[in-house]
Amino acid sequence: MKKSGCDTAFIAVESGNQNTLYNLMRKPLDLKKVPELCRLFKKYQIKAPAFFIVGMPGESFSDIKDTFDFAAKIGVDMPLFNYATPFPGTELYKLCVKNGYIKKDYYLDAEYSVANISTPEWSNKELSKFVQKNLLLLYLKLFLKNHFRFVYFYSKVFLQDPKNTLRRFL
């Protein structure tokens, strides 16, 4: 990959909780393999940001905390978090409408950086507060671990999309 000119490989981990991956997201990813993948990317000097999704119906705050803890320990260059966003036509959308977790036309203003789903386990506002707190703690851990890398990556993210970057912290 490196010889072909690849300098960044995004990893779609989605969740740091194996149960959430298998049963809620139906993603057959073995989380035990992700840290080794991150080590290989570092060995070959390929940046490895990772995507995570939180706020799936059926996911508890404990499951979401597992995802933040996993993101902190696996060695990705930049964990990127978004909320589960049910779009019309998807299984997630049908589930959320059927159970009253979203307003039917919510997607007209939907953004990945805003929690739109409310479940019996948590409201979208409770989820937002929980995620903001854990995101700040995660970023603090990453900053303390390697402040140069943290500033390098997050300044790039901020410059590309300052509005959504700031929204995550406010």
Legend entry - the chain, relative contact order [Cα under 8 Å, separation at least 6], %: 19 percent
Inset, instruction - Would you mind telling me the share, in percent, of accessible area of region 1-121 contributed by carbon and sulfur at probe 1.4 angstrom? - result: 55 percent
Inset, instruction - With springs connecting C-alpha atoms under 10 Å apart, model the chain as a Gaussian network and identify which of LEU138, LEU159, LEU21 has the largest mean-square fluctuation. - result: LEU159
Inset, instruction - Between beta-carbons, use under 13 Å as the cut-off and find the net charge around MET56, counting Lys and Arg +1, Asp and Glu -1. - result: -4
Inset, instruction - Counting only heavy atoms of the protein chains, get the accessible area per residue of the chain (1.4 Å probe) and round it to a whole Å² value. - result: 59 Å²
Legend entry - Shape call, region 29-92: gyration tensor on alpha carbons, a/c limit 1.5: prolate
Legend entry - Prolate/oblate/rounded call for region 1-40, Cα gyration tensor, a/c under 1.5 rounded: prolate
Inset, instruction - Note down the net charge around ARG39, summing +1 for each Lys or Arg and -1 for each Asp or Glu among other residues with Cβ under 14 Å from its Cβ. - result: +4
Inset, instruction - Anything over 32 Å Cα to Cα? Flag those among LYS33/LYS133; LYS73/LYS94; LYS65/LYS94; LYS42/LYS94, in the order listed. - result: LYS73/LYS94; LYS42/LYS94
Legend entry - the chain: C-alpha pair distances exceeding 20 Å, %: 54 percent
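The values are calculated or read from the model by the stated rules, or taken from the named source; none is laboratory data. This is a predicted model, so every value here is computed, not measured. All Cβ positions, even for glycine, are placed from backbone atoms using ideal geometry, and neighbour counts span all protein chains on display. Please note that ligands, DNA and RNA were not included when accessible areas were found on the heavy atoms of the full protein model with its side chains. Shrake-Rupley method; radii C 1.70, N 1.55, O 1.52, S 1.80 Å.
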